[in-house]
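The numbers here are math on the coordinates, done by the rules we state, and not lab data. Here the structure is a predicted model, which means the values were calculated and not measured.
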Amino acid sequence: MKFSAEKILPEIGKSKRGGARSNSGGARIGAGRPAGRPNKVTASVREVAQTFTEEAVQTLASVMRDTSAPAVARVSACNAILDRAHGRPTQGVELEIDNKAFSPAEILDLENLYETAKRNGVWIKQKAEMQERKRRLNAETSQ
């Protein structure tokens, strides 16, 4: 009578190669660096890079003002300065809602939310904020 290893011990020959072993590494609750916290190397590199901030902004400004520089370089320098000074502008999102995906009550809630945001001047506030940024930028560049 012959016995094969697979009949006696079915797990033999089906070994799992790779992957985390139960006693080492792998994803564990609470393990590792918390999300959003930079590692020590990143923090030290950031600290060194910050010493060049003023010089970098001055270089961007000189490229922006250099009329002999390519237009692409000048626009890129302008965008970099604006992004760092005022943050990147918010991007509007157009959303089409499939009425079949929502119940009538949910559609009504979404419409009410939109109307409330419109009534409270969310878009008006953003527009005013951008106009204020442009005003400040024009005042700074004219000096």
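A few points about this structure:
- Kirkwood estimate for the stretch 81-120, i.e. one over the average of 1/r between Cα atoms, Å: 12.8
- For the stretch 38-88, the equivalent ellipsoid built from the Cα gyration tensor has semi-axes of 26, 12, 9 Å, listed from largest to smallest.
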